[in-house]
Structures are given as structure tokens and as C-alpha cells.
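The values are calculated or read from the model by the stated rules, or taken from the named source; none is laboratory data. Given the structure is predicted, the values throughout are model-derived calculations rather than measurements. With ideal geometry, Cβ positions are generated from the backbone for all residues, glycine too; neighbour counts draw on all protein chains shown.
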Amino acid sequence: MESSRVGVKRNSNDYSNTTTSSASTYLIEDTETQWTSWLVPMFVVANIALFIVVMYLNDCPNRKHTRLVGKCVATFLGRFSFEPVKENPLFGPSSSTLKKLGALEWNKVVVNHQGWRLVTCVWLHAGVIHLLVNMLSLVFIGIRLEQQFGFVRIGILYLLSGFGGSVLSSLFIQNNISVGASGALFGLLGAMLSELLTNWTIYTNKAMALLTLMAVIVINLAIGILPHVDNFAHIGGFLTGFLLGFVLLPRPQFGWLERRNLPAGTRSKSKYKPYQYVLWVVSVVLLVSGFSVALVMLFRGENGNDHCHWCHYLSCVPTSRWDCNEN
């Protein structure tokens with residue numbers, strides 16, 4: 001089967017994106033009122049519901065090509081049964097069905113001007129394994145962030161990070177299709193890292209928090225160099241989320257929060273520290289310029305590999321056991 005963002009984008013043999021709640025085991029010195037998390041659970045429900053719709057439309061038993069590949073898996077499910085393992089080892093629909101419903105495909109985006117695929121691919125999943133890994137990761141990471149920062153900021157982070165992952169993936173991978181929420185999930189990880197850095201002074205166990213989070217990020221990115229895993233989606237989502245974290249997730253100084261309790265005439269601290277303002281400005285500039293350049297290159301039909309001859313190693317490192325050019 002052609003590549004998809006399985007757990008980390010692309011579907012064949014993709015078992016990464018094992019981002020868990022271990023990255024959030026650090027404490028904040030001051031207590032804050034937590035938001036009620038409802039957006040992340042809604043995202044999970046929407047992804048599951050959409051996968052059911054995709055499987056219904058796929059209708060494996062009535063697909064003629066299946067007879068040439070093998071028998072459908074779990075035939076007792078009727079039209080919801082999965083494609084043969086040779087076609088999709090992650091127990092899901094066919095690549096042709098994913099293409100019809102909005103999978104990311106360079107030719108469709110650039111030649112046929114179907115830019116909406118940069119968004120729709122984030123909501124499609126290549127199989128049950130892909131869906132399960134992604135949704136567990138979203139629950140562990142997303143709920144904590146939404147409780148601390150609210151649904152608006154986390155929703156923006158999730159959607160823009162997924163879009164950023166799709167854009168970078170399209171620039172460097174032009175021969176395969178891709179689906180999955182891994183770019184958005186890596187964006188949440190990137191935002192956790194920038195949030196820790198920009199709010200460094202209010203955290204306890206700073207070193208342990210940073211080491212734990214970096215270990216989770218490095219491990220997941222390292223898994224991305226395996227074949228059939230689109231690491232460009234991870235990197236694009238991570239960079240987008242990392243920069244957005246400086247913009248959306250800075251916390252006010254404690255002195256500013258306590259300004260109402262100060263005696264009249266007492267000068268309170270500014271809401272944010274100078275370095276937070278600097279990081280905010282730099283991040284906005286990089287985000288705007290980065291998206292502008294990437295989108296112009298993409299819709300002009302340029303191949304990112306022509307400008308970076310070694311970048312393909314970021315997504316797959318060839319060995320004697322596998323060929324990175326295989327679909």
C-alpha cells in the first residue's frame with residue numbers, strides 16, 4: 001500500500017508516534033484554574049467517526065481488485081471488513097479509497113489545485129492500528145494542554161501544526177499518498193517544549209522536565225527514519241507547534257497576576273518578561289515567512305529535495321534490509 005501518516009503519517013509498518021503522558025510529568029510552582037477539556041475528546045470522536053465512514057465507503061467485499069491481492073480481513077464485519085494484509089497491514093481501507101476521500105497527494109494538490117487535501121489528510125487514518133496509536137497519543141498529550149491553556153489555543157495549535165506537517169511533507173515526498181494526525185500531534189509536542197522554555201522560571205524540576213520531553217521527541221523523530229514513515233510530516237508539525245508555543249502559550253508573571261492585591265499607587269510588573277516578548281516577535285516572523293515561502297514553493301511545483309540534497313535522509317535511511325524508494 002502507498003504511504004500514509006500512520007501513527008506518524010504513512011501506513012505500512014508504521015508503529016511510531018508513541019508520545020505519552022510521560023512528557024508532562026513536571027510541576028508548576030503556582031496553581032492555576034484548569035479548563036474543562038472538551039475539544040480534544042471531540043477531536044477523538046470525530047476521527048473515529050470519520051474512520052467508520054471511510055470503512056463503510058471502502059466496502060472491501062465488493063472491490064474487484066481484492067480478488068487479485070487476497071481475501072478481506074474480518075469478513076464478519078461485512079462492508080466494514082479490512083483490506084487484505086498485503087494491501088494494508090494496518091487493518092484499514094485501500095489507498096484508492098483514501099485518495100478519493102482527501103489523502104495528501106502531491107499531484108492532486110499542485111497539478112489539480114486541490115489544496116484542501118493539506119487539511120483533510122490530517123483527519124484520515126490508514127487503519128485501526130494507526131487510529132488507535134494516534135488517538136491515544138492525542139488523549140495523553142492534548143487533554144493536559146487543553147486543561148492548562150483552553151480549547152482556543154490548543155485548537156489553533158493542533159490545526160496549524162497538522163497543516164504545517166502536510167506542507168513540508170508535500171514539498172519533499174511527491175510519489176506517495178499520506179494521511180494521519182501525526183503532524184498535529186508532533187506540533188503539540190513542539191508546543192510543550194517551547195512552553196517549557198518560555199515559562200522556564202515558574203517550573204520546578206526544570207532539568208528533569210526538559211530531559212524527559214527531549215527524550216520523547218528524539219525517540220519519536222528517530223522512529224521516523226524507518227521506511228514507510230513520513231518524518232517530514234513530523235518535522236513540519238513539530239516546528240510549527242514549537243514556534244506557535246512561544247506565541248500562544250507564554251504565562252504572565254506572578255507579580256502581574258497579583259496586581260489587584262497591591263496597595264494603590266504601587267507599580268506592578270509587566271505582564272510578560274522581555275525575553276518572552278522577543279520570542280513572540282521572532283516566532284511570528286518565522287511562522288509567517290516560513291509558511292509563505294513553503295506554500296509558494298509548493299504551488300510552483302518545486303521539489304524540496306532539489307534545494308536540500310541530503311534532506312531525504314531525515315525521512316528514511318536506506319540499509320541492506322529495506323529500500324527507501326519502495327512504496
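Residue count for the stretch 214-243 under the criterion of being surrounded by 23 or more Cβ atoms within 10 Å (Cβ to Cβ) and either small (Gly, Ala, Ser) or not in a loop (DSSP other than H, G, I, E, B) (or both): the result is 14.
Screening the stretch 33-145 for helices (runs of 4 or more DSSP H) wholly inside it with 1 or more residues that are within 18 Å of SER169 (Cα to Cα) and either among the acidic types (Asp, Glu) or in contact (Cβ under 8 Å) with a residue 60 or more places away in the chain (or both) returns the ranges 95-100, 106-110. Residues being surrounded by fewer than 24 Cβ atoms within 10 Å (Cβ to Cβ) and under 16 Å from LEU314 (Cα atoms): count how many of those fall in the stretch 149-166. Within the stretch 149-166, residues that are surrounded by fewer than 24 Cβ atoms within 10 Å (Cβ to Cβ) and under 16 Å from LEU314 (Cα atoms) number 0. Just wondering, is there one or more residues in the stretch 94-115 that are among the aromatic types (Phe, Trp, Tyr) and within 14 Å of the chain's Cα centre (by Cα)? Looking for residues that are among the aromatic types (Phe, Trp, Tyr) and within 14 Å of the chain's Cα centre (by Cα), one finds none in the stretch 94-115, hence no.
Count of the stretch 27-48 residues, restricted to those that are of a type in the set (Ser, Thr, Tyr) and either modelled with pLDDT of 90 or more or surrounded by 17 or more Cβ atoms within 10 Å (Cβ to Cβ) (or both), is 2. Pairing residues of the stretch 291-309 that are farther than 18 Å from THR240 by Cα with residues that are aromatic (Phe, Trp, Tyr) and modelled with pLDDT under 95, at Cβ distances under 7 Å and at least 6 apart in sequence or on separate chains, gives ASN305/PHE172. Does SER182 count as more than 16 Å from VAL216 (Cβ to Cβ) and of a type in the set (Ser, Thr, Tyr)? So SER182 fails the test. For PHE51, the test of being on the phi > 0 side of the Ramachandran plot, under 22 Å from the mean Cα position of the chain (by Cα) and modelled with pLDDT of 90 or more is failed. If the condition is being modelled with pLDDT under 95, assigned to a helix (DSSP H, G or I) and either in contact with a strand residue (DSSP E or B) (Cβ under 7 Å, 6 or more places away or on another chain) or polar (S, T, N, Q) (or both), then the stretch 184-209 contributes LEU196, THR198, THR201, ILE202, ALA209.
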